[in-house]
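Report on one structure; see the data block that follows.
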Amino acid sequence: MKRKILMGLVAIASLAFAITAQAQDAEKAKEDTAPGKSDTLMWAESNFHYVGEKKCKMCHKAEYNSWLETPHAKAWDALKPEEQKNAECAGCHITGVTEDDSTLVNVGCEACHGPGSDYKKMKTMKDMKLASAAGLLPITEATCVRCHNKKSPTFKEFNFEEAVVKGVHEHPVKEEKK
């Protein structure tokens, strides 16, 4: 009887240890993220190309104009010239590189939403399933912590839930068609 109780206690202690270790590993992985790219972003970059925020502006004027007032729209200029040459710094202050090798400086639409070459069309954007298949990425905490993490020399505590409510740009309410 004592042996069964002892074995039960050992099993419970082992399980508690495993759960604690797993939670610590998950927290460490979160801290070690980025500047890096999630598997989803790597998939999007390998299948689609960046087109630049001016293409997005054609249909999303309100979002674009409100984004212009944010630190993301001025991210490149926030870097010192020597930091602009440092890939680790620059990676979080650019959107990406276009098909013709132009660097899209600042944190533009596609830095969060993914390369827009295939989802930029109105027909595609009206069908979220089609847009997702064409590379439109959902905004998740992983999207933000690629750059907003403790590896950044200017890191300030980041709260995804608060950031989502505040948003990076205006989100106009779309009128329903009658």
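The values are calculated or read from the model by the stated rules, or taken from the named source; none is laboratory data. Predicted model, so just to flag it, every value in this text is computed and none were measured. Because the Cβ atoms are built from the backbone with ideal geometry, glycine has one as well, and the counts that use them run over all protein chains shown. The protein model used for the area step is the full one, side chains on, heavy atoms only, and it has no ligands, DNA or RNA in it. Shrake-Rupley method; radii C 1.70, N 1.55, O 1.52, S 1.80 Å.
Of the residues contained in region 119-141, none is found to be open to solvent by less than 40 Å² (accessible area, probe 1.4 Å), in contact with a strand residue (DSSP E or B) (Cβ under 8 Å, 6 or more places away or on another chain) and either of a type in the set (A, V, I, L, M, F, W, C) or over 17 Å from HIS171 (Cα atoms) (or both). Does any residue of region 45-66 turn out to be farther than 16 Å from TYR119 by Cβ, under 18 Å from the mean Cα position of the chain (by Cα) and loosely packed, with under 14 Cβ neighbours inside 10 Å? The answer is no, given that none of the residues of region 45-66 is farther than 16 Å from TYR119 by Cβ, under 18 Å from the mean Cα position of the chain (by Cα) and loosely packed, with under 14 Cβ neighbours inside 10 Å.
Against the definition (within 20 Å of GLU53 (Cβ to Cβ) and exposed (fewer than 12 other Cβ atoms within 10 Å of the Cβ)), how does HIS171 come out, yes or no? Spell out the reasoning first.
Working: within 20 Å of GLU53 (Cβ to Cβ): yes; exposed (fewer than 12 other Cβ atoms within 10 Å of the Cβ): yes.
Here the answer is yes, as HIS171 does meet what is asked.
Of all residues in region 64-90, those that are free of Cβ contacts under 8 Å to residues at least 60 places away in the same chain have Cβ atoms under 8 Å from Cβ atoms of residues that are in a helix (DSSP H, G or I) and of a type in the set (A, V, I, L, M, F, W, C), 6 or more apart or on another chain, in ALA73/TRP67; LEU79/CYS89; LEU79/ALA90; GLU83/CYS89; GLU83/ALA90; GLN84/ALA90.
Please indicate, with yes or no, whether at least one residue in region 34-43 is without any contact (Cβ under 8 Å) to a residue 60 or more places away in the chain and surrounded by 17 or more Cβ atoms within 10 Å (Cβ to Cβ). Step through it out loud before you land on a result.
Of all residues in region 34-43, those without any contact (Cβ under 8 Å) to a residue 60 or more places away in the chain come to 39, 42-43.
Next, only the ones that are surrounded by 17 or more Cβ atoms within 10 Å (Cβ to Cβ) stay: none.
No: region 34-43 contains no residue that is without any contact (Cβ under 8 Å) to a residue 60 or more places away in the chain and surrounded by 17 or more Cβ atoms within 10 Å (Cβ to Cβ).
The one condition from (1) surrounded by fewer than 12 Cβ atoms within 10 Å (Cβ to Cβ); (2) more than 19 Å from HIS148 (Cβ to Cβ) that ALA87 does not meet is (2).
Of the residues that make up region 89-96, is at least one over 15 Å from the mean Cα position of the chain (by Cα) and either over 16 Å from LEU136 (Cβ atoms) or modelled with pLDDT under 95 (or both)?
yes
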